[in-house]
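Below is one structure, written out as structure tokens; the observations come after it.
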Amino acid sequence: MQIRTAREYAGLTQEAVSLRTGIRIATISDIEQGHASARLDSLIRIADAIGVPLAQLVE
């Protein structure tokens, strides 16, 4: 599942994920658009913030 799809399914904005993870909104946007690769620790924080297992987020 793509990060953007999971985030939208959870009813969260990029701002909400940013606040929950401490990751800048611009960085989240770049990751969602494929302009940047996320580090593993960032992916774990994003998955936790969205409420999905990491494996589901990166399949």
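List of remarks:
- Qualifying position, being touching a residue at least 24 places away in the same chain (Cβ under 8 Å), surrounded by 15 or more Cβ atoms within 10 Å (Cβ to Cβ) and more than 9 Å from the chain's Cα centre (by Cα), among 7, 45, 20: 20
- You will find that of 51, 34, the residue that is at pLDDT 95 or above and exposed (fewer than 14 other Cβ atoms within 10 Å of the Cβ) is 51 and no other.
- Applying the criterion of being over 11 Å from the mean Cα position of the chain (by Cα) and part of a helix (DSSP H, G or I) to the residues of the range 48-59, the residue that is farthest from residue 5 (Cα to Cα) is 55.
- Checked against (1) assigned to a helix (DSSP H, G or I); (2) over 17 Å from residue 55 (Cβ atoms), residue 35 meets all criteria but (1).
The values are calculated or read from the model by the stated rules, or taken from the named source; none is laboratory data. These figures come from a predicted structure and were not determined experimentally. Cβ atoms come from the backbone with ideal geometry, glycine included; neighbour counts cover every protein chain shown.
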